Amino acid sequence: MAKIIILGSAYPLRAGGLSTFNERLAEEFLAQGHEVIIYTFSLQYPRILFPGKTQYAIRPAPENLDIRVKVNSINPINWWLTGRQIRRENADLLVIRYWLPFMAPCLGTIAGMVRKNKKTRVVTIADNIIPHEKRPGDEWLTRFFIKRSDGFVTLSKSVLNDLEKFEKKGKPKLYAPHPLYDNFGDKIPREEALKILKLSSEYRYILFFGFIRDYKGLDILLNAMGEQILADLPVKLIVAGEFYSSDQPYFKIIREKGLGNKVVLHTQFIPNDKVAAYFCASDLVAQPYKDATQSGVTQVAYHFDVPMVVTNVGALPEMVPNNIAGIVVKPDAEKVAKAIHRFFSKNMADELIKGVKSQKQRFSWPRLTEAVFDAAMKK
């Protein structure tokens, strides 16, 4: 069995997508009999760069995971000390989550130091290569990081294609789809979920879930809810997640479209123990993204057997086959409104739920861990 170190977000950081993923990945490696240590951040983002209310969790620490809070993303001396410490662990494998060029100096410096022990193979799981929200220097920072990894696993084919533009030296580059988020508990009855959220059973619900950033297209969805074609449907939109961009453009749409009675705003961080209620109360998950790679929200919807309406950007059509697990449309308010109307007026729920269940086998954690080992072994 292998000794594996995961370098990335984990407790005591909030259980957003990155932390949830890394902790679940560690559990999968442990279940396979490996020794696993997670090195996480003592400081992930400086406060000025963090748009949320807090970076830290109020949940208890995972009991079965060895998590070491060591990494300061903006302190070069810390990078050197952490890199030296991980190098001395003599692990077989260092798995790094890469999602943002801002992290490239920190993660790349640590990776470069660890590789000097001539034993530890460094494999990157890349959420993004080209970020959704681009900034000057992104390309240089990404190239700096990529040079210090021995192999790569991407969670979507679109990111694999992006990686090919940056890494041309023949390092292993594999694709394994984002696994299901199966760590939010079992499905609960719709009536129970509605009671938890204090929602009326007289309506059907569409769910927009997760951190609210401009590229995720909540404005498209709100404008869709204001289309005349949806005016008479007994359908409401739940917006569940914390604003990571200005909330004013969204409130303006709600006012101008008269959506006060059509939108339920739960715009705060949603803890893990409440996730099941939101998905089990909902008939349809909406992802009207303007730009995308893969999405963890999709994988939560799959776990709870909820059909989706998604836009045809990035890997979303790859993850949600049209008219099988959901409806795929252009990122346009009128197109999204027509898809929502079609779903409810044609009573498509049962048909698409069957499709969702048929697709779930594609998204397994063992498939991901196999890809990680393959990327580490190939030279």
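The values are calculated or read from the model by the stated rules, or taken from the named source; none is laboratory data. A quick note: this is a predicted structure, and the numbers were derived from the prediction, not measured. FYI the Cβ positions are ideal-geometry reconstructions off the backbone, even for glycines, and counts take in every protein chain you see.
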**Request:** May I ask you to verify whether Thr82 is modelled with pLDDT of 90 or more, surrounded by 19 or more Cβ atoms within 10 Å (Cβ to Cβ), on the phi < 0 side of the Ramachandran plot and under 22 Å from the mean Cα position of the chain (by Cα)?
**Result:** no
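Quick one: which strands (runs of 3 or more DSSP E) lie wholly within the range 233-345 and hold at least 3 residues that are under 18 Å from the mean Cα position of the chain (by Cα)?
284-287, 308-311
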**Complete:** Counting only residues in the range 310-332 that are touching a residue at least 40 places away in the same chain (Cβ under 8 Å) and of a type in the set (A, V, I, L, M, F, W, C), the one surrounded by the most Cβ atoms within 10 Å (Cβ to Cβ) is identified as Met319
**Message:** Here is a check on your reading of the model: is Asp283 in contact (Cβ under 8 Å) with a residue 60 or more places away in the chain, surrounded by 17 or more Cβ atoms within 10 Å (Cβ to Cβ), among the charged types (D, E, K, R) and within 28 Å of Ile125 (Cβ to Cβ)?
**Reply:** no
**Prompt:** Looking at Ser9, Ser19, which one is at pLDDT 85 or above, assigned to a loop (DSSP other than H, G, I, E, B) and outside the structural domain of Gln299 (by TED's automatic domain parsing)?
**Reply:** Ser9
**Prompt:** Considering only residues of the range 333-379 that are of a type in the set (D, E, K, R) and touching a helix residue (DSSP H, G or I) at 6+ places or on another chain (Cβ under 7 Å), which is surrounded by the most Cβ atoms within 10 Å (Cβ to Cβ)?
**Reply:** Lys338
**Request:** Can you tell me which residue within the range 188-210, out of those that are assigned to a loop (DSSP other than H, G, I, E, B) and modelled with pLDDT of 95 or more, is nearest to the chain's Cα centre (by Cα)?
**Result:** Ile188
**Asked** Where residues in the range 143-164 are farther than 18 Å from Ala292 by Cβ and without any contact (Cβ under 8 Å) to a residue 60 or more places away in the chain, which of them is surrounded by the fewest Cβ atoms within 10 Å (Cβ to Cβ)?
**Response** Glu164
**Fill in**
Selection over the range 258-296 where residues are in contact with a Leu (Cβ under 7 Å, 6 or more places away or on another chain) and basic (Lys, Arg) yields a count of 1
**Test for Phe152: is it at pLDDT below 95, more than 15 Å from Gly296 (Cβ to Cβ) and aromatic (Phe, Trp, Tyr)** = no
